[in-house]
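Chemist: Can you keep this structure in mind? I'll have questions shortly.
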Amino acid sequence: MMKITLTRILCGLPLAGALIAVPAFAEGLPAGTRDVADATVEKQQGYRKGVVAVSHPLAAQAGAQMLKEGGNAIDAAAAIQFALNVVEPQFSGIGGGGFMMIYLAKTGETVIVDSREKAPAAATPDMFLGQSFADASTSGHSVGVPGTVLGVETALQRWGTKTLARTLQPAISLAEEGFRINRYLAADIADPRTSLQPETRAVFRQSDGTPLPEGSLLRQPDLAKTFRLLAAQGSEVFYRGEIANAIVEAQRRSSPALGSAGVGRMTTADLAAYDVALREPVQGDYRGVTIKSMSPPSSGGLTIIQMLEMLEQFPIGDASQGYGFGSARTMHVMTEAMRLAFADRAVWMGDEDFVPVPERGLISPCYTDARRQLINPEQRQASVTAGNPLPCNVAGGLPAVRTMLAALEEEKGIHTTHFSVVDKEGNVVSYTTTIENTWGTGITVPGYGFLLNNELTDFNFTPMRNEATGNPGANDVAPFKRPRSSMSPTMLFRAGKPVAAYGSPGGATIINSVLNVTLNLVDHRMSIQEAIDAPRFSVTSAAGTISCEAGFAAETLQGLLALGHAVPVQNGAPNCNARIGSVQGVIVDLETGRQYGGADQRREGTVIGIKEAP
């Protein structure tokens, strides 16, 4: 299939050495692309009236319908989010939160609506001390004040063209009329979390307690009722009305192992006090491409940019020097960059409304030059610790100082969802949204049909603030604080204009999924669909244990083992069988105005584009 090269979009990006990278993005759409009425178009032609890339076809149709009706990318994003609550309830919904990155074509601004959940007023740094993740995450103790409803409403009021009620309509229809469960949802329904609470069992399991199988018609009348309340009364009913009271009552449940210690601390006053934040993205440059990604309280953007800064010294993409896609040398230096950046992430990153995150220092050449020197292309580092970016966090910079700052690595949830949208005016949305773990806490709000998040488990279970070592406890629990996230809605720019938008679910692996795709696009010259389809790997700790998908060559894995890396082994041989992320992306050709999409078949990823009127 013909591919559109972005030579004219990302004009000849210089790699280390003499190689010139000319990335390319495919015009083709993935198998399984759905049509909306007459919104089809020949694959090679691209689109001009908008594109959505979503992890589920029914949610994609909801967003495409908004575009077809003349709505913009923000309208489409709202409809997609609400529809995902119906068709992917295990991953996201109004009981959770997220980050919506928006590029506004009219002004050239890029803004982020931060609807990340908050800790309640009664939260304390030691509230999870001694608890297991399994116990804490299935109790009301871990429920953060949800932000999705107010986040979507805020975006619509500021930049949308449609009402909240209109964008809710597709989700209301899906919840009321039902839809057929796909194999991904059927597999997740088998998770024990759907059996922990009676209201959740009643929706997702059969009368004998067995999970609803693939192909079952799933109707959610309580959720449809909730969406109608939101359509009629807006966020007020959620944060100050009858839904607020129901949320507070529901999160008073605890897992058996925790008893009264696991009861939620949220009050109606916490819900009434919730607010969204409008933030600017963090920004960096990689081989002439501008990257904008999520700022704190997410660690995603800073970690991605820091890794790219460290990797820019290597000729990634040049197979003649051993740096082709999936080579041992390429994966080795990527692994080392991941280890270094994640060590820094664990110590320095958190909610900057509460702690001074050294954003400038972490991604400044003053600091990354020192960190990148620790990457030896011929040898694995025996140990990795966080550095000290503080001297580089001031204008002008000072020499970086490497310090021995330790961080505790703890289990966290791994599920979320991401989607991307571009409209006919060139507005772009990259939106990552979550209830944290699969099925969140497993607690469904009685009578209202939506699941509550377990987002507070993203905080440190063991308080890390320590003046003696210099650890600031950036992610320790505090009242009204947002827990550190890994969500990384990302956009690539040329000359101030967006050319790509994408992101991924996957807990801490989100960061590395976005890194993998970025390198695939910029260095390995892949199309957007090729970049998404390519096997991924991830390292999310300083220890450096590699998680990898099938598709990497045996000699590559043997090469990594020879360098001392921890690679999965089965029956005495290296073996990769993980599934990492689910990337959905859109592409814009700045010269022609054509728009394209790529979607991930790790879920039921779907691209829908809107055809020009004949």
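Chemist: List the residue pairs whose Cβ atoms are under 9 Å apart, where the first residue sits in region 214-230 and is farther than 16 Å from LEU58 by Cα and of a type in the set (Ser, Thr, Tyr), the second is surrounded by 18 or more Cβ atoms within 10 Å (Cβ to Cβ) and at pLDDT 95 or above, and the two are 6 or more positions apart or on different chains.
Modeler: Note: pairs meeting the criteria are THR226/ILE94; THR226/ALA175; THR226/PHE238; THR226/ILE243; THR226/VAL445; THR226/TYR448; THR226/GLY449; THR226/PHE450.
Chemist: Can you go through VAL522, VAL539 and tell me which one is in contact with a Ser or Thr (Cβ under 7 Å, 6 or more places away or on another chain) and in contact (Cβ under 8 Å) with a residue 60 or more places away in the chain?
Modeler: The unique qualifying residue is VAL539.
Chemist: Oh, and also: Look at VAL289 and say whether it is crowded, with 24+ Cβ neighbours inside 10 Å, farther than 26 Å from PRO463 by Cα and touching a strand residue (DSSP E or B) at 6+ places or on another chain (Cβ under 7 Å). Show your work before the answer.
Modeler: On the way: crowded, with 24+ Cβ neighbours inside 10 Å: no; farther than 26 Å from PRO463 by Cα: yes; touching a strand residue (DSSP E or B) at 6+ places or on another chain (Cβ under 7 Å): yes.
So VAL289 fails the test.
Chemist: Confirm whether SER541 is over 12 Å from the mean Cα position of the chain (by Cα) and crowded, with 24+ Cβ neighbours inside 10 Å.
Modeler: So SER541 does not fit the description; no.
Chemist: Another question, if that's okay. What are the pairs with Cβ atoms under 6 angstrom where one residue, in region 58-85, is closer than 23 Å to VAL445 by Cβ and the other, located anywhere, is buried (at least 24 other Cβ atoms within 10 Å of the Cβ) and among the aromatic types (Phe, Trp, Tyr)? Sequence gap at least six, or different chains.
Modeler: Listed by first residue and then by second, the contacts come to ILE80/PHE419.
Chemist: Suppose we keep only residues that are more than 17 Å from PRO463 (Cα to Cα) and surrounded by fewer than 24 Cβ atoms within 10 Å (Cβ to Cβ) within region 125-152. Which one would you say is farthest from the chain's Cα centre (by Cα)?
Modeler: The extreme case among them is ASP135.
Chemist: Return the residues of region 204-240 that are more than 26 Å from the chain's Cα centre (by Cα), surrounded by 16 or more Cβ atoms within 10 Å (Cβ to Cβ) and farther than 26 Å from LEU164 by Cα; say none if nothing qualifies.
Modeler: ARG205, PRO211, LEU212, SER216 - these are the residues of region 204-240 that are more than 26 Å from the chain's Cα centre (by Cα), surrounded by 16 or more Cβ atoms within 10 Å (Cβ to Cβ) and farther than 26 Å from LEU164 by Cα.
Chemist: Take region 190-203 and flag every residue that is under 23 Å from GLU604 (Cβ atoms) and either of a type in the set (D, E, K, R) or in contact (Cβ under 8 Å) with a residue 40 or more places away in the chain (or both).
Modeler: ASP191, ARG193, THR194, THR200, VAL203
Chemist: Within the set of pairs 6+ apart or on separate chains, which have a first residue in region 122-133 that is more than 23 Å from ALA273 (Cβ to Cβ), a second that is among the hydroxyl-bearing types (Ser, Thr, Tyr), and C-beta atoms under 7 Å apart?
Modeler: Matching pairs, first to second residue: LEU129/THR462; PHE133/THR457.
Chemist: Looking at (1) outside any helix (DSSP H, G or I); (2) within 28 Å of ALA76 (Cβ to Cβ), which one does VAL203 not meet, given that it meets all the others?
Modeler: Looking at each condition in turn, VAL203 falls short on (1).
Chemist: So, one more: Being over 30 Å from ASN475 (Cβ atoms) and of a type in the set (Lys, Arg) is true for just one of ARG183, ARG193, ARG116, ARG158. Which residue is that?
Modeler: Unique residue meeting the criteria: ARG183.
Chemist: Failed condition for THR167, given (1) at pLDDT 95 or above; (2) more than 27 Å from the chain's Cα centre (by Cα), with all others met?
Modeler: (2)
Chemist: Would region 574-586 turn up any residue that is in contact (Cβ under 8 Å) with a residue 40 or more places away in the chain, over 13 Å from MET331 (Cα atoms), not in a loop (DSSP other than H, G, I, E, B) and not hydrophobic (A, V, I, L, M, F, W, C)?
Modeler: Yes: region 574-586 contains one or more residues that are in contact (Cβ under 8 Å) with a residue 40 or more places away in the chain, over 13 Å from MET331 (Cα atoms), not in a loop (DSSP other than H, G, I, E, B) and not hydrophobic (A, V, I, L, M, F, W, C).
Chemist: Could you identify the single residue in THR330, THR303 that is without any contact (Cβ under 8 Å) to a residue 60 or more places away in the chain and among the hydroxyl-bearing types (Ser, Thr, Tyr)?
Modeler: Just a single option satisfies the conditions, and that option is THR330.
Chemist: Do any helices (runs of 4 or more DSSP H) lying entirely in region 87-186 carry at least 1 residues that are farther than 28 Å from THR200 by Cβ, and which ones are they?
Modeler: It comes to 148-159, 164-177.
Chemist: Test GLY317 against the stated conditions and say whether it is at pLDDT below 95, touching a strand residue (DSSP E or B) at 6+ places or on another chain (Cβ under 9 Å) and either surrounded by 18 or more Cβ atoms within 10 Å (Cβ to Cβ) or in a loop (DSSP other than H, G, I, E, B) (or both).
Modeler: When the stated conditions are applied, GLY317 does not pass them.
Chemist: Please work out which residue is surrounded by the most Cβ atoms within 10 Å (Cβ to Cβ), limiting yourself to region 241-270 and to residues that are in a helix (DSSP H, G or I) and in contact with a Pro (Cβ under 8 Å, 6 or more places away or on another chain).
Modeler: First, pick out the residues of region 241-270 that are in a helix (DSSP H, G or I): 242-250, 259-262, 268-270.
Checking the rest, the ones that are also in contact with a Pro (Cβ under 8 Å, 6 or more places away or on another chain) come to 246-247, 249-250, 270.
Details: ALA246: 17, ILE247: 27, GLU249: 14, ALA250: 25, ASP270: 24.
Filtering region 241-270 for residues that are in a helix (DSSP H, G or I) and in contact with a Pro (Cβ under 8 Å, 6 or more places away or on another chain), the one surrounded by the most Cβ atoms within 10 Å (Cβ to Cβ) comes out as ILE247.
Chemist: In addition: Condition first: aliphatic (A, V, I, L, M) and either part of a helix (DSSP H, G or I) or at pLDDT below 95 (or both). Now tell me which residues in region 215-240 satisfy that.
Modeler: Restricting attention to region 215-240, the residues satisfying the condition of being aliphatic (A, V, I, L, M) are 217-218, 223-224, 229-232, 237.
Answer for region 215-240, where residues must be aliphatic (A, V, I, L, M) and either part of a helix (DSSP H, G or I) or at pLDDT below 95 (or both): LEU223, ALA224, LEU229, LEU230, ALA231, ALA232, VAL237.
Chemist: I need a count of the residues in region 60-82 that are in a helix (DSSP H, G or I) and acidic (Asp, Glu). Full working, then the answer.
Modeler: Here is the first cut: in region 60-82, the residues in a helix (DSSP H, G or I) are 60-68, 73-82.
Filter again for acidic (Asp, Glu), leaving 75.
Residues flagged as in a helix (DSSP H, G or I) and acidic (Asp, Glu) within region 60-82 amount to 1.
The values are calculated or read from the model by the stated rules, or taken from the named source; none is laboratory data. As the structure is a computational prediction, the values presented were derived from the model and not from experiment. When we count neighbours, we look across all protein chains shown, and the Cβ atoms used for this are built from the backbone with ideal geometry, even at glycine.
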